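A short write-up of the structure that comes next.
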């Protein structure tokens, strides 16, 4: 499986949203700043998440995004699939034409069943982890302080 930036950023942004939604709608600008993810990238991801009814948008002053479902009802698999992230360790996309680029002429590789089984186990695992689980993990972590930059000034005697 190759989980790309798209899937990682979507899950990270959803954790951020879930941690803060009790304060009202969460802005993408806030998530962008806290998680260091491009605002335009977040807009693309949240458009897909909204279409899959994982988040809902609130317009107007004080607007932003809320979860459309309870955190325990949203899985990591839901998030990743919503942003079009393929969960596939096979080279053929499950078409069983691993040796050859033609769907009708390609033949199945010897390790196809291994990778197909891995796909199923990955989906099962990601489907077993809820957004609530990830939020609870974050709440249990100590907050790491931001590094302090000390600037020393030298005084020159006149």
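Worth a mention:
- Estimated FRET transfer efficiency when R0 is 30 angstrom, pair residue 57-residue 137 (beta carbons, to 0.05): 0.65
- Label-to-label distance, nm, for residues given as residue 111 and residue 22 (7 Å Cα→Cβ offset): 4.6 nm
- Cα gyration tensor shape for segment 10-78, rounded if a/c is under 1.5, else prolate or oblate: rounded
- Inter-probe distance in nm under a simple model that places probes 7 Å from Cα toward Cβ, at residue 43 and residue 72: 3.7 nm
Here, each number is a calculation from the coordinates, and none is a lab measurement. Predicted model only: the values in this text are computed from it and were never measured. A quick note on method: Cβ atoms are made from the backbone with ideal geometry, for glycine too, and the neighbour counts reach across all protein chains shown.
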